Amino acid sequence: QCQLGGLWRNEQDSLMEISAVRDNGDFQGKYLTRVTLTGGCAHASPLIGAQQQPGEGGWPTFAFSVRWDKFSNATTAFAGQCFVDKGGKETLTTTWLLREAVASLEEEWKATR
């Protein structure tokens, strides 16, 4: 079974630390991104999420959001699934949407990446 709790690293060298997943699937942690909208240094930001336990033979799905604390006026929502290969390596796959604040409704078109 795939365990979300722990330290994860992505292909951009960002780190995500998830505290223990509660029995109901809720979890929280920190995301230390190496990629920023401003091109600045890495910053740790809080994350909160939930894991859906899989049915028989499945792998757990999950979702979490990150509030980019102190360096950006943006929030990112991630949705994904955890897999374990035959060698026992755990991998998270995700899709994400980043929402950046804009000054007006007319600029709304450029707010989501």
Using the heavy atoms of the protein chains and a 1.4 angstrom probe, tell me the accessible area per residue for the chain in square angstrom.
66 Å²
What does the charge count near GLU107 come to, summing +1 for each Lys or Arg and -1 for each Asp or Glu among other residues with Cβ under 13 Å from its Cβ?
-1
Out of every Cα pair in the chain, what percent are spaced more than 17 Å from each other?
58 percent
For the chain, with all protein chains present and a 1.4 Å probe, just round the carbon and sulfur fraction of the accessible area to a whole percent.
51 percent
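The values are calculated or read from the model by the stated rules, or taken from the named source; none is laboratory data. If you're wondering where the values come from, they're calculated on a predicted model, not measured in any experiment. Positions of Cβ are backbone-derived with ideal geometry, glycine not excepted, and every protein chain shown enters the neighbour counts. Ligands, DNA and RNA are excluded from the accessible area calculation, which covers all protein heavy atoms including side chains. Shrake-Rupley method; radii C 1.70, N 1.55, O 1.52, S 1.80 Å.
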